[in-house]
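Accompanying notes for the structure given below.
The values are calculated or read from the model by the stated rules, or taken from the named source; none is laboratory data. Computed from a prediction, not measured in an experiment: that's the story for all the values here. Positions of Cβ are generated from backbone atoms using ideal geometry, with glycine treated the same way; all protein chains shown enter the neighbour counts. The protein model used for the area step is the full one, side chains on, heavy atoms only, and it has no ligands, DNA or RNA in it. Shrake-Rupley method; radii C 1.70, N 1.55, O 1.52, S 1.80 Å.
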Amino acid sequence: MPAATRSPGLKLLFALLSGALLAIPLFAMYLMVYDRRTQSETARTEIAQGWGGAQVLAAPVLVLPYQEQVTETVNENGKQVQHTNTVDRELVVSPDTADVRTAIVPQTRRKSIYEAVVYEAAAGGTERFSLPADLSRSGVKPEQIRYDRAELRVGLSDARGLFGRPPALSVDGQALRLQPGHGPNETSGSGFFAYLDAGAILRLCVRLPSCPLPPCLT
């Protein structure tokens, strides 16, 4: 058919077919890039399985349980009655001073043509705690605090990567027995803690010996 007699519809069809043919190599390139990216993520995941993910380390905080009298009014048989109950609460005390040191050693791990950088970290330090001078602003009286049930809590987001010496805490040179759990909100409750008698809280020194932290993957 002569070019002059071609209809607009035929010209549009020809343009669409040309565009579709040109899109084939672009689509093939997209599939190749997508496949490489998927394989890279899979390789990084397999490398991370033996190391642990990104880490969040929350330094020790002192948690002091205390009891508070709470009065509430309830409706009983059409009458307003007041009940007084004893409620357990927690006072979280941040350190007055903190000296934290971390040594980080990067390493490169490979799988096939892919690689990932992982890190080994060893952290240690010293913290000092004391009762807040403005304790009354918190509505807590010193006599309400149960010092014998105090806790030191440390947050660790991914404990699967711990290796080497286990974590350790000491107070005034005395080692504490660590237990899993009770981590802060920053690590979604993951971490470890230790009970202690904080009767001498006026000046409390907590030491976190240098110990390996879970390596993390980037």
Completion exercise
Summing +1 per Lys or Arg and -1 per Asp or Glu among the other residues with Cβ less than 15 Å from SER136's Cβ gives -1
Exercise for the section: Compute log10 of I(q)/I(0) for the chain with the Debye formula, placing one identical point scatterer on every Cα and leaving out solvent, at q = 0.09, 0.10 Å⁻¹, to two decimals. Expected result: -0.59, -0.66
Practice task
Grab the alpha carbons of segment 1-126, take their convex hull, and tell me the volume per residue in Å³.
Solution key: 387 Å³
Problem - Relative contact order for the chain, counting Cα pairs under 8 Å that sit 6 or more residues apart, in percent - result: 25 percent
Fill in the blank from the handout: Expected field for ILE113, accessible surface area in Å² at 1.4 Å probe radius, rounded to 10, holds 120 Å²
Exercise for the section: Provide PHE192, PHE163, PHE129, PHE14 ordered by accessible surface of protein heavy atoms (probe 1.4 Å), highest first. Expected result: PHE14, PHE163, PHE192, PHE129
Problem - Residue-by-residue Karplus 3J(HN,Hα) for segment 115-131, coefficients 6.51, -1.76, 1.60, Hz, glycine and proline x - result: 9, 9, 9, 10, 10, 9, 10, 10, 10, x, x, 9, 10, 10, 10, 7, 5
Problem - Cα gyration tensor of segment 81-140 - equivalent ellipsoid semi-axes, whole Å, descending - result: 47, 20, 7
Problem - Share of carbon and sulfur in the accessible heavy-atom surface of segment 139-193 [1.4 Å probe, %] - result: 49 percent
Handout entry: Rounded to 10°, Cα long-axis angle of helix 8-48 versus longest principal axis of the chain
Key = 40 degrees
Completion exercise
The alpha-carbon center of segment 144-173 and that of segment 12-91 are separated, in whole Å, by 25 Å
